[in-house]
Every structure is written in structure tokens, then in C-alpha cells.
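Input: a single structure, listed below in C-alpha cells.
The values are calculated or read from the model by the stated rules, or taken from the named source; none is laboratory data. Remember, it's a predicted structure, so these values are computed and weren't measured experimentally. Note that each Cβ is placed from the backbone with ideal geometry, even for glycine, and that neighbours are counted across all protein chains shown. For the accessible areas, the whole protein counts, side chains as well, though only heavy atoms, and no ligand, DNA or RNA atoms are used. Shrake-Rupley method; radii C 1.70, N 1.55, O 1.52, S 1.80 Å.
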Amino acid sequence: MAAPMSSVGKPSAERSPFNNTSFQKKTRSKLISIPGTRPSVQNGQLLVSTGVTSLDYLLGGGLAVGTVLLIEEDRYDSYSRMILKYFLAEGVVCRHELYVAAAQDNPDDILQELPAPILDDVAMHKPAEQPRLSREPPDALDAMKIAWRYQNLPKVQTALASSSRFGHYYDVSKTMEPEIRQAAKCHRFYLPEHPTQSSPPHSTMLESYSALLKSLQEVINREGFDVAAPMSNSRNILRIGLHSLGSALWGDDLCCHDNPKNGRALTTFLYGLRALLRSSLSVAVVTLPSHLIQDRAIMGSITRLCDNAIALESFKGSERETNPLYKDYHGLIHVRQVPHLNCLASKLPDHKDLAFKLKRKQFSIERLHLPPDLSDTVSRVSRGELAGATTVASACGSGSSGNKHLDF
Amino acid sequence: MYTELNSILNTTPDSFTQGEFVLLSDRQSDASFLIHHFLSLYLRARCKVCFVGLVQSFNHYSAISQRLGVSLTQAKEKGQLVFLEGQKESLSVLIPQENDTGSQAMDFLRDPSVGLKSLYEFVRSAVSSNAVLDFSHYCRAIVCSQLQGNVVMLVRCDGEGEEDEGDDEGSERLMKGLTHQCSLTLHVQGLPTGYCRDIHGQVEVCWRRRRGDGQYTQKKLFQYKVHDKGASFFAPGTSSAVL
């Protein structure tokens, strides 16, 4: 209802200037440059990298600060977990703070599995390595036979500088070294270790989600990520990784029943998470076992509540694994939603048939390319095997796997 | 304010029907571009507007309205626009603090209404269907009948139409209840044939007027495309990409 402004009983803090959300046009306020971020070319939004450069491109240059990325997990939670680890590893390299919440695995285990960054041209401060450096050159002298001119140069730059590059590459076969990882500040939320509190009587959220939301708010306020907090010299980004929300381990029966009793618990939590993120300098990546959720309507509203949404569908274990058409790829990726922040139209990817493959040094997302079948006996693969989900009428990209079925 | 939509609805900033309850709904699509149309239309008509933003922040609407030629910050300063940040209020409900002064979310519902136009966006995540129906009835009674204002409400329905909703709280029930109460519906959907880059979807406009002897319903179907500075509407099949 409308009311004259003077009689609305709101505390004076609400009357603070308009820039009390993290969405600010670059021209209006002086944005302090935060390492690891860059403004978007489309609408001036502050972006961070997800750690996967091709995913950044798919999302329109990166993940906007203050938004949520929803990843619908593949069946065995292998690739969605990989993307979550990329996201956290990128946070470590860019010196952002991390917040990891999980109900299934200990957040420390997730943090120990982060992939090692490929740091050929990025300077990382390694305090433990410095005393060793002075002792190493005599041993290394023998090693350089061809590039002997370089043998007197120091091996690793010890200059303290955060990476100015946007998006890095990681080597999946190695884990991140503990020194680099411990340089980043991590907050953990492991549900079994968290004391259960009684939820307020009128709340539709579960205790676990309420506790998580409350913990998030505490961290944001305490560490100064709130946009309304006084601007200090150094602002940083908080990267939030929430693993496997909605699964039964969080106490939610969304994935267990056709008609869940707590149908709105997760959506309420996501709404609260979004409200938190919009008013702070943080980014969240949420993974969700959507293949267990039977109710498509709830899945639709969950997707709607998250700004970015992608779904991973891996070929592992399905009959497509042996299908020669898919031999180059590990799975399909569907872009369910791309946000339109501060602008009317959203930029959906032009192609709906995207596939991903996880290589050792890169997680690449490409358009699914079916080369023409030039063999003598053209085997006609039936449409049922090729086509994934049936086309859903939508302009907002609840897309099909839409392969180009070359029907000769 | 989209000029084509104005001609479809027979509205101009100087003349539009008072006391109307407009319902915007979408199914697997995004009808928020229509909210911007109505917001800029009412502001240009120099009405007092109360906007309850539950989905996005003020800056989002301000940035888009700037491109449509209306300045929300100026309107707010002049007192023409009251913007209620629903997200922040809802956070205080979802995370109850120890010293709650009592200004809970949705408290503004009880404030006396002086404004003429109200725009609402609803996210069905945390509010039950019954509450939304009650609230919309309350809005309509106060704003439309007593004050001769207009209410524009955006509701998202998520289920597929053919789904059999066993429980009472289905989105279908909410949609039917709201459609019954309103006088103008704009229903946004994706194209039935699938995703298209040049045509973002279709809008079904439905007028429900009460003539002397009964209800008179008129429906029209348009296709639309949203671009940076507005949206264009055209009859099905006459998109500029096709012709």
C-alpha cells in the first residue's frame, strides 16, 4: 500500500543513499577496484570469474557480484563438484574469502581437493619457499645446459602481487599446495557439527537452512562484506559454495517424495540467500541434486529464484557413454537461466546444444558438433537415442539438448 | 512505456481507466519487462506510485527506467514514488533477530493507503497462495474501489498447465483466483514451438469488462521481443525477422 513517506515507520537506516546494494553502475559511484574482479562490458556490473573460462563466457563474461549460480548436479555429482572446486580455487588465487557449507562431506575435505593453479605467469606469495630459494641455485646450475643464460635468474618471483588476470587455469591432476590454500581465509559450515537450534514457529524454513542463513549473515556482517558498511580501503569478495542443497542430508524431503511436505523450505532459503547477496559483496554457487526432484514445478521456482542456472548431464553410466557420437565429450550442459540485471533483455547463449569435457588443464564447454557420417554403411541412429529432453516451449532457456540431427 | 503496448491497451499517459486491477502472469517465461512499462506509464501520467520490489533492488529498476526515459530517483525525491525494498524487509523475517522492533515484513500492508497506483511483484517462494489471494483482494478493495487507483501485480506460475495439482495450494488455484479478481490480464508465455532468438514469446491480453447484462471477455494474442530500450509487440507471424 502506498503511504506518505513521512509516516512510514521505517528506521532511519533504510533511508541511506540508494547505493546500498551491490548493483551499482560504474559511473555513479567510485568503485574501489577489488582484485579478481572486472566490470562487465554489457552493463557495468562487477564480475568475478567462476574458475572455468568457458563457463564465464557462457554467463556473459563472468558471475556478477551479488548473484547466485545454481548448478544442477549430474547423476554422480562428479562434474558439479569439480566446478565448485574450480570456483573455490579461483577464490584462493584471487585472494577472496571463502565460505563452504556442506552436509555430506566435511568442508575441509572439499578444500583439500582444490585443483592446483597453473601459475607460470602469476606471482604467488609463498613465505615458506623463500629460505629454500637461496639454497637451490647451485643445484640448478647443472640442470641448465641450453638456457644457461637464465640460470642466474631467480626461479620464482617473490614479489607480493595478486593476480591481475581474470580467470585462471587449473591442473586437475594435482591438488593445490597447502601453503597457497592456507593463505586464503575460509569459513566452514558443516551441518553435522552445527548445533541444532529450534526454528521459529512461523517459519517455513528448515532448521538447517535457517542456521545456514544465519551463519552467512553473521560472516557477512562480521567480516565487512556488507555494502552498507563503511567503505574501507580494502574491500574483498566473499565466495560462498553450498554443496548439495536440497538433499536429504540437509533434512529436506524435497528429493525423497513426490509431494514434499517442506516444498517451500528450499525456495524460502534461496530467497533469503538472494536478499543477503544483493546487499553484500559476495557470490554464491549452489549445487543441487535436481535429478532426484520429482516435482518440476518446484524445480521451476528454484531456477527462477537463482539468477544463473545451469544443468549438467554427464554421459557416465548412460547408454550415451558408448555412443560414438559423443565420444569426445563427457556430458551436456544446459543453460537454464541467465540473469538480466540492470537491463531489460538477457543474453542467452545462441546455441542450445552445448557439451563439456574435462581435460587435465581445462574444463571446456563447446558447441556439440556432429561431423557428417562418411562411413560406407551409414547407421541410422534412432531419434530416441540422440535427443535428450523434449523441447520445452520457453523463451528463457529451459532448453533442450537440441542436437543437430543430420537426417540424411 | 512501450508505445505499441499502449496502442494495444488503448492507454496513454493522459487517459487510462481508473480502478483497474491488472494481473501480469508468466509461465516459464519472464514478464518483468511489463512491470517497467506500467511503472514508466504511471510515472509519466504523474500519478503517485507505490512499488513493492520483492525480486530486484531499486537500482535495477532505476537503471532500466533511465533507459525508458523516466528517472526513478527524481520521482522518489519528489515524493511521487514510494519504493519499498521487499527483499531487505523479508530478510529480517527470515532471520529473526533478538531485538525486533516489530517492523516485520509485509507490515506496510497495514499502512493507510494514499497512493493511487501500486505495483507488486510476487515471488511465490515464501508466501502461501491463500495469503496472496487475501492480499490481492484487500488491495483491490482499498485501492481500486475506494481510491480509484490501479493495482498491477506480477505473479509467476511455475507448473505446466496440464499437471494435476492434487494439493490445494497449487499455482493453478492461485492463478484462477487472481484472474477472477482482475479486469485486465497479460499472460506471458514462451512460444509453443520452442526457443527463438528474435521472438521472445507471446503475450495474451484478456479484458474482462462488465457490461450491463454480463461479463464481456476479449482476448488478443501478440508476440513480443524485448530489446535494450523497450519491447516491441506484433501480431503472430509478423516479426521483423520473418518478414
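A few points about this structure:
- Candidate set: segment B:2-28, residues that are in a loop (DSSP other than H, G, I, E, B) and touching a Phe, Trp or Tyr at 6+ places or on another chain (Cβ under 9 Å); chosen: the one farthest from B:His187 (Cα to Cα): B:Pro13
- Looking at A:Arg380, A:Arg360, A:Arg336, just one residue is at pLDDT 85 or above, open to solvent by 60 Å² or more (accessible area, probe 1.4 Å) and of a type in the set (Lys, Arg), and that residue is A:Arg360.
- If you go through segment A:163-184 and keep only what is modelled with pLDDT of 85 or more, more than 18 Å from the chain's Cα centre (by Cα) and open to solvent by 50 Å² or more (accessible area, probe 1.4 Å), you end up with A:Ser173, A:Lys174, A:Thr175, A:Glu177, A:Pro178, A:Glu179, A:Gln182, A:Ala183.
- Verdict on A:Ile298 being within 24 Å of B:Asp26 (Cα to Cα), open to solvent by 10 Å² or more (accessible area, probe 1.4 Å) and part of a helix (DSSP H, G or I): yes
- Within segment B:29-86, helices (runs of 4 or more DSSP H) holding 2 or more residues that are among the aromatic types (Phe, Trp, Tyr) and either crowded, with 22+ Cβ neighbours inside 10 Å or facing chain A (nearest Cβ under 9 Å) (or both): B:32-44, B:58-68
- Within segment A:268-295, the set of residues being crowded, with 24+ Cβ neighbours inside 10 Å and modelled with pLDDT under 85 comprises A:Thr268 only.
- Selection status of A:Gly241, within 22 Å of the chain's Cα centre (by Cα), farther than 26 Å from B:Asp26 by Cα and surrounded by 22 or more Cβ atoms within 10 Å (Cβ to Cβ): yes
- Residues of segment A:212-245 that are in contact with a strand residue (DSSP E or B) (Cβ under 8 Å, 6 or more places away or on another chain) and either free of Cβ contacts under 8 Å to residues at least 12 places away in the same chain or more than 23 Å from A:Ala64 (Cβ to Cβ) (or both): A:Ser215, A:Ser244.
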